[in-house]
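Chemist: Structure provided below as structure tokens; questions to follow.
What follows draws every value from the coordinates through simple rules; no lab data is involved. Computed from a prediction, not measured in an experiment: that's the story for all the values here. Backbone-built Cβ (ideal geometry, glycine too); neighbour counts: all protein chains shown.
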Amino acid sequence: MLPTPRAWSLVVLLVSFASACGSQVEPPAPPVPPGSGECAPIVEFFEDAIWKPFLGSTCYGCHQEGGAGARASELVLSPVDPFAEPLERGAQLGANLAVARRMAAKEIAGESVLLMKPTGGGDHGGGIILPEGSRNLEMLRAFVERVARGGACPDAPEGQSPDSFVDEGDNVCDSPPVTARFDAEQSQQLPTMKTARLTQWQYRSVVHRVLGYYENRLDQRLPPDGAAGPIPNTQDLSLSAADFDRYTSAARHVAEKILEKDRSQDGVVFACARGRNRSCAEAYLRRTAYRLFRRPITDREFNSFINIYNVGSRESFDARMRYLIEALLVYPDTLYHLERGRELDQNLDERRLSRLEIVNRLAFFLTSHPPTEEMLDEAQAGRFDTDEGVESWARELLAQETESRYAMQHFHQRWLNIHDDAYIEKDEDHVRNFSAETFSALRRSAVVWAAYVALKGGGSFRQLMSSASTSVTGPNDLAKEYFGLEGAEPIDTYGQFEIHELPASERAGLITQPAFLASAWNSDEASSRPILRGANLLKDVFCDELAPPVNNFPPPERPANQTAADDLAFTVAAQPCKSCHEQMNPLGLALESYDAAGRYRQEDRGHPIVTQGEYGQDNLCDEERVSFPDSVAFARSLGENPRVQACYTLQWFRYALRRDATPEDAGSLGRIHERFLDSDLNIPELLVAIATSRSFLYRQFAAEAP
């Protein structure tokens with residue numbers, strides 16, 4: 001029997017993208033020699049001297065979760081997204097700092113494990129990573145010494161706070177508002193971009209829509225997404241060995257499931273009318289590759305894939321089809337959004353995307369699914385050659401509510417951080433009758449309702465942020481039970497969903513939906529978390545920038561029977577906490593009318609809840625303030641606020657382009673937002689404006705980032 005065709009020649013195309021594990025070449029040295037300048041706080045020192053030069057690059061490939069190094073040691077590293085908001089990025093970096101500290105403090109025969117391994121000691125599978133005498137090794141030794149001193153610098157006086165960022169705190173009021181990123185008068189330039197991979201959601205959708213297999217948790221088998229704020233960002237061509245292993249493992253799993261489906265449904269998947277043979281495999285390959293690659297397969301590719309099928313000629317048809325499906329799923333044109341621009345622009349640095357590249361962007365943006373065969377055919381016929389053609393098709397897609405609602409649901413799920421991993425198990429002693437199933441039902445209720453408002457209920461952003469209504473399904477829906485809507489008459493329907501009114505004195509728009517309030521981002525297992533709620537509103541709803549929180553700051557003991565505002569008093573008493581918390585605390589406290597399960601309440605620990613407050617109108621610390629008397633008034637005010645309106649535009653832009661906005665995008669963003677404002681904040685019009693923008697339809701190819 002021939003050897004198993006796992007070692008396909010085509011896989012070399014992807015292996016070249018995978019970073020080598022345990023490279024013997026010393027990575028670049030830190031830019032600042034040790035001992036020069038002021039002693040940086042431990043977090044900054046870790047980032048500049050340890051994480052960026054080698055730990056987050058050379059070491060990360062093997063020591064990320066699921067990597068070979070992580071399976072064999074305690075050094076398990078988490079991704080740090082360079083495009084994330086400062087608060088989120090600080091938390092990601094802090095998680096790796098905690099791991100490095102633990103390894104630095106652990107000793108074998110009196111030597112730090114963190115020093116032994118990269119110098120070749122202690123049976124390090126990657127060999128010598130930091131040669132003796134190298135600057136990186138010197139910096140690592142300095143880090144280990146600081147860990148031994150509790151984080152303080154070698155010459156620091158007793159009592160120095162080793163983890164503080166700045167004595168007086170970053171002046172958060174200096175952060176420009178999101179509107180500063182928009183400039184309709186600026187020319188519409190294009191940034192240099194990296195090639196993007198499919199997001200986890202997109203991969204799952206491709207497998208579902210093209211191969212006919214759906215698995216809700218398939219994303220757990222895939223490499224993690226990066227993020228631009230709360231929005232997935234996979235603009236990164238590099239693929240580590242561990243990430244590639246995840247894709248091959250996922251492909252093997254999916255192929256097995258497809259074969260099981262074909263066997264259980266009498267051959268419906270491969271549809272071999274004239275026998276299960278090579279002719280059937282060829283027909284399946286042509287129609288499947290067209291959808292997977294989002295373009296026609298070339299003759300050369302076709303022959304290469306059929307050769308993979310032929311390698312298993314002594315095996316069964318099912319075994320050979322399994323090899324073929326696995327190869328298709330790890331092919332670059334399946335995993336990546338490969339964009340080369342239209343042929344007539346090949347000599348230009350800035351090129352309009354090709355017909356098929358535009359339809360690929362449009363389909364994933366407005367439906368969250370790969371383009372249908374009809375869309376691909378329309379593109380090849382020239383339907384997307386003009387901006388008018390793109391706009392016409394965008395409007396047609398938005399009018400197909402059964403398809404476009406998936407994009408609406410997915411966007412709002414990501415924007416509000418109420419995706420699958422956002423549930424936190426509640427303590428029954430404090431939060432009654434709230435399970436993971438309840439959270440899932442409430443999440444569905446929130447995102448379906450958002451899609452209803454955007455696509456059927458008028459499309460108004462103001463309504464999205466202020467309406468007292470929600471969606472539920474049938475009589476067994478846990479959301480219906482949660483809201484007490486048994487027997488209530490709906491005010492409208494949306495597919496199989498019912499739209500119900502909620503008490504206007506208790507609910508107003510998306511941020512008062514229970515799934516948002518009860519998620520792990522906004523509450524813990526027993527109580528609401530006003531600091532988290534305020535920080536997340538500032539980051540994701542206002543698009544403001546916050547400095548990373550101070551590490552290892554010991555909060556005071558929480559006295560019994562104290563109000564939430566009293567609990568937070570210490571955060572505004574002094575720097576470095578004061579400058580940020582003066583802005584975020586009022587927003588979090590404004591939502592104290594909702595407990596850890598998102599239920600409306602008027603008292604907490606025997607005290608009346610006071611939710612009145614104010615926030616800056618046009619920027620974080622604007623002297624012109626927006627005042628509100630209670631939670632509902634606060635929620636309603638958001639739809640009228642120019643910062644929130646601009647942030648919504650930016651978040652959709654990130655979602656459409658799968659990347660963050662850059663300074664070069666200011667012109668496109670400004671024009672997009674002007675159209676949104678001119679439409680009286682109509683959400684479908686915002687999406688059409690993005691789909692017809694220069695940033696969406698064109699790409700910079702000069703000095704393209706690898």
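Chemist: Quick one: go through region 354-371 and flag any residue whose amide nitrogen is under 20 Å from the point 7 Å out along the Cα-to-Cβ line of Ala271.
Modeler: Taking a point 7 Å out along Cα→Cβ of Ala271, the residues of region 354-371 whose backbone N falls under 20 Å are 370-371.
Chemist: Which three lengths, in whole Å and largest first, does region 196-337 cover when its Cα atoms are put on their principal axes?
Modeler: 52, 33, 25
Chemist: For Asp387 and Glu674 in one chain, what is 0.36 nm times their gap in residues minus the Cα-Cα distance, to one decimal in nm?
Modeler: Taking Asp387 through Glu674 to full extension adds about 101.5 nm, to one decimal.
Chemist: Enter the Cα centre distance for the pair region 618-641 and region 185-255, rounded to the nearest angstrom.
Modeler: The distance from the Cα centre of region 618-641 to that of region 185-255 comes to 37 Å.
Chemist: Only loop residues by DSSP count here, and only those with at most 10 other Cβ atoms within 10 Å; note down the trypsin sites (Lys or Arg not before Pro) in region 214-312 that meet that.
Modeler: Listed in order of number, the matching sites are Arg217, Arg274.
Chemist: A further question on this structure: On a full-extension model of 0.36 nm per residue, what is the gain between Asp349 and Ser313, subtracting their alpha-carbon distance, rounded to one decimal in nm?
Modeler: Full extension from Asp349 to Ser313 adds 8.3 nm.
Chemist: Here is a further query. Using C-alpha positions alone, give me the convex hull volume of region 385-523 per residue in cubic angstrom.
Modeler: 121
Chemist: Report the extension gain between Asp622 and Glu396 in nm, rounded to one decimal, defined as 0.36 nm multiplied by the number of residues separating them, less their alpha carbon distance.
Modeler: Contour length minus the Cα-Cα distance gives 77.2 nm.
Chemist: Mind checking the alpha-carbon convex hull of region 643-700 and giving the volume per residue in Å³?
Modeler: Spread over its residues, the Cα hull of region 643-700 gives 72 Å³ apiece.
Chemist: Report the semi-axes of the equivalent ellipsoid for region 265-324 in whole Å, largest first, where each axis is √(5λ) for an eigenvalue λ of the Cα gyration tensor.
Modeler: 19, 15, 9
Chemist: Per-residue counts of other Cβ atoms within 10 Å, averaged by peptide: what ranking do you get for 390-403, 329-342, 529-542, highest first?
Modeler: Result, highest mean Cβ count within 10 Å first: 529-542, 329-342, 390-403.
Chemist: Rg over Rh of region 265-384, using C-alpha atoms and the Kirkwood radius, what does it come to?
Modeler: Dividing the radius of gyration by the Kirkwood radius yields 1.04.
Chemist: Could you work out how far apart the two model spin labels at Ala91 and Gln186 are, taking each label as a point 7 Å from the Cα in the direction of the beta carbon, and quote it in nm?
Modeler: 2.9
Chemist: Given Cα pairs under 8 Å that are at least 6 residues apart, what percent is the relative contact order of region 420-638?
Modeler: This gives 19 percent for region 420-638.
Chemist: Order these peptides, 110-119, 49-58, by their mean beta-carbon neighbour count within 10 angstrom, highest first.
Modeler: The packing order, highest mean first, is 49-58, 110-119.
Chemist: Students often get this wrong: which residues of region 375-411 have the backbone nitrogen under 20 Å from the point 7 angstrom along Cα-to-C-beta of Asp492?
Modeler: Those under the cut-off are 395-411.
Chemist: When averaged across all projection directions, what area in nm² does the alpha-carbon convex hull of region 420-638 cover?
Modeler: Projected area, direction-averaged: 12.8 nm².
Chemist: Where in region 590-610 does the label zone of Ser505 land, with the point 7 angstrom along Cα→C-beta and an amide N cut-off under 13 Å?
Modeler: Flagged as within label range: 601-602.
Chemist: Could you work out the Kirkwood radius for region 488-539, taking every pair of different alpha carbons, averaging 1/r and inverting it, reported in Å?
Modeler: On the way: mean 1/r = 0.0772 Å⁻¹.
Evaluated over region 488-539, this radius sits at 12.9 Å.
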